[in-house]
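Chemist: Structure incoming, see below.
The values are calculated or read from the model by the stated rules, or taken from the named source; none is laboratory data. Keep in mind that this is a model prediction, so the values were computed, not measured. Every residue, glycine among them, receives a Cβ derived from its backbone with ideal geometry; neighbour counts consider all protein chains shown.
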Amino acid sequence: MTFFPRSERREEDIFPAPPGVAPDPSTDPAAGRDTKAISIEVAQANDVASMARLHAEFLPHGFFVELGPRFLRTFHRTFIHSPFGIAFVARGTSNERLGMIVGTTDNAAHYRWLLRKRWLPLAASGLASLLVRPRLGVRFFRTRVMRYLRGMRRNLAQERPSETSEKNGAVAVLAHVAVDPAARGRGVGAALVRRFEEAVRAAGTRKASLVTFAAEEGAGPFYEALGWHRTAERADHDGREIAYYERQFVDNA
Ligand SMILES: CC(C)(COP(=O)(O)OP(=O)(O)OC[C@H]1O[C@@H](n2cnc3c(N)ncnc32)[C@H](O)[C@@H]1OP(=O)(O)O)[C@@H](O)C(=O)NCCC(=O)NCCS
């Protein structure tokens, strides 16, 4: 994978030039390189299949990926529909989706919304996947079912908090970001994370968190370059070392 140093990047690498403003090849240091314009847009229902494909291809390690494309599509749809969801896609000039990011402005509120409004489609596609993947079903019951049930009970028992307390205690979560290898190293991942952060700030949330693999296969240095701080490390439910990252937005106070 090749990364262009920050000094070689131009806005035109990421965002289309304004209409009528063509890059000048004699002064453009990016001339001769593939600098097709890429725009970052709010994800729509017709982006869901591409988002799920990017997730499955470039973030293949998660349990949800093993549940199959149908479950992944249902999962990504929730970020588009939830009032606490964030979903952006990076599009190339031919409308192809080259990257995606999904997350929440308030993770606890998002999961309460999921349990109240979307539990049926999620449970149905999850169950359908487990029935045709019996070994995965065994692993699900062994490692996750009790935790999910406890979480559901806790969430459902919780009173709906007031608008203010919801915002003050809220933690946003950057759930998944992936960029097609053909578009990497040009600032697309950074632009997606910045749009996520803008959405979090706009919602009035002061803290965001994420997890990534702790070792080389994780994206820790990518997040550190963007100002996120590693706060902890531990083994996940499948025994892999994961790192926790956070970012504070103090001016939201
Ligand atoms: C991580 C990922 C989203 C980065 O996308 P990208 O478009 O290549 O990132 P950018 O071009 O915006 O890079 C931003 C900065 O992070 C650095 N960077 C990007 N990916 C990196 C990685 N895997 N490890 C270390 N540094 C990385 C870049 O060098 C750049 O630094 P610079 O500004 O000093 O030059 C992309 O590599 C990807 O999709 N990886 C597979 C999925 C994944 O790991 N997602 C995150 C898991 S939680």
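Chemist: Report whether or not residue 246 is at pLDDT 95 or above, within 22 Å of residue 97 (Cα to Cα) and more than 13 Å from the ligand (Cβ to nearest atom).
Modeler: no
Chemist: Check whether at least one residue in the stretch 21-43 is within 24 Å of residue 129 (Cα to Cα) and at pLDDT 95 or above, and report yes or no.
Modeler: no
Chemist: Go through (1) at pLDDT below 90; (2) out of contact with any Phe, Trp or Tyr (no Cβ under 8 Å at 6 or more places or on another chain) for residue 58 and report which single condition fails.
Modeler: Here residue 58 clears every test but (1).
Chemist: Related question: When the residues of the stretch 63-73 are narrowed to those that are surrounded by fewer than 21 Cβ atoms within 10 Å (Cβ to Cβ) and touching a residue at least 24 places away in the same chain (Cβ under 8 Å), which ends up nearest to the ligand (Cβ to nearest atom)?
Modeler: The residue in question is 63.
Chemist: Which of (1) buried (at least 21 other Cβ atoms within 10 Å of the Cβ); (2) farther than 23 Å from residue 108 by Cβ is the odd one out, the single condition residue 193 does not satisfy?
Modeler: Result: residue 193 fails condition (2) only.
Chemist: Could you say whether any residue in the stretch 127-134 is in a helix (DSSP H, G or I), at pLDDT below 85 and surrounded by 17 or more Cβ atoms within 10 Å (Cβ to Cβ)?
Modeler: yes
Chemist: Please state which of the following conditions residue 230 fails to meet, knowing it meets all the rest: (1) basic (Lys, Arg); (2) assigned to a strand (DSSP E or B); (3) under 18 Å from residue 104 (Cβ atoms).
Modeler: Unmet for residue 230, out of (1) basic (Lys, Arg); (2) assigned to a strand (DSSP E or B); (3) under 18 Å from residue 104 (Cβ atoms): (3).
Chemist: Going through the stretch 177-233 one residue at a time, which ones are near the ligand (Cβ under 6 Å from one of its atoms), hydrophobic (A, V, I, L, M, F, W, C) and within 26 Å of residue 48 (Cβ to Cβ)?
Modeler: Scanning the stretch 177-233 gives 177, 178, 179, 188, 190, 219, 222.
Chemist: Can I ask one more? Hey, among the residues in the stretch 196-207 that are over 12 Å from the mean Cα position of the chain (by Cα) and hydrophobic (A, V, I, L, M, F, W, C), which one's surrounded by the fewest Cβ atoms within 10 Å (Cβ to Cβ)?
Modeler: The selected residue is 202.
Chemist: Would you mind finding the one in 79, 140 that is part of a helix (DSSP H, G or I), modelled with pLDDT under 95 and at negative phi?
Modeler: Result: 140 is the single residue among 79, 140 that is part of a helix (DSSP H, G or I), modelled with pLDDT under 95 and at negative phi.
Chemist: Output the residues belonging to the stretch 216-231 that are surrounded by 12 or more Cβ atoms within 10 Å (Cβ to Cβ) and closer than 28 Å to residue 145 by Cβ.
Modeler: The one that is surrounded by 12 or more Cβ atoms within 10 Å (Cβ to Cβ) and closer than 28 Å to residue 145 by Cβ: 218.
Chemist: Filter the stretch 83-110 down to residues that are among the polar types (S, T, N, Q) and part of a loop (DSSP other than H, G, I, E, B) and give me whichever is surrounded by the fewest Cβ atoms within 10 Å (Cβ to Cβ).
Modeler: 94
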